[in-house]
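What follows is a short report on a single structure.
The values are calculated or read from the model by the stated rules, or taken from the named source; none is laboratory data. Please read all numbers here as calculations on a predicted model, not as lab measurements. Ideal geometry is used to build each Cβ from the backbone, glycine not excepted, and the neighbour counts take in all protein chains shown.
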């Protein structure tokens with residue numbers, strides 16, 4: 001396996017978290033610490049789009065790959081987070097951290113083993129979901 005890619009969809013997030021550049025920057029730094037990885041530079045956090053697509057986007061390069069996230073308050077107060085790294089990490093721990101940080105009431109996750117030579121999709125419970 002070359003690396004692990006985790007995809008997390010959060011809904012019902014706290015507006016004050018997904019609309020705040022400072023909160024998203026704190027999230028990026030805390031996630032890098034949780035992953036026990038090294039950030040390559042500062043996170044890039046930009047507000048753009050319109051309608052349901054308007055919101056912040058985060059890109060945090062890692063020495064072992066990257067974290068990206070897109071946030072939309074107008075569409076179900078949602079966050080879409082992707083983490084890819086060739087360094088191992090615990091995806092279940094990461095999913096729960098992201099959901100807790102943004103106060104999500106509902107979340108889904110999936111993962112792919114990149115470069116595994118198979119379809120690579122991982123099964124639950126490694127990738128937890130919660131529906132309320």
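General observations
- Note on the range 33-56: residues that are surrounded by fewer than 17 Cβ atoms within 10 Å (Cβ to Cβ) and on the phi < 0 side of the Ramachandran plot total 13.
- Tally of residues being touching a helix residue (DSSP H, G or I) at 6+ places or on another chain (Cβ under 9 Å) and either at positive phi or assigned to a strand (DSSP E or B) (or both) across the range 60-75: 7
- For the range 22-59, filtered to residues that are outside any helix (DSSP H, G or I) and out of contact with any strand residue (DSSP E or B) (no Cβ under 9 Å at 6 or more places or on another chain), the residue that is modelled with the highest pLDDT is 36.
- Residues of the range 13-59 that turn out to be touching a helix residue (DSSP H, G or I) at 6+ places or on another chain (Cβ under 9 Å) and in contact (Cβ under 8 Å) with a residue 60 or more places away in the chain, as a count: 8
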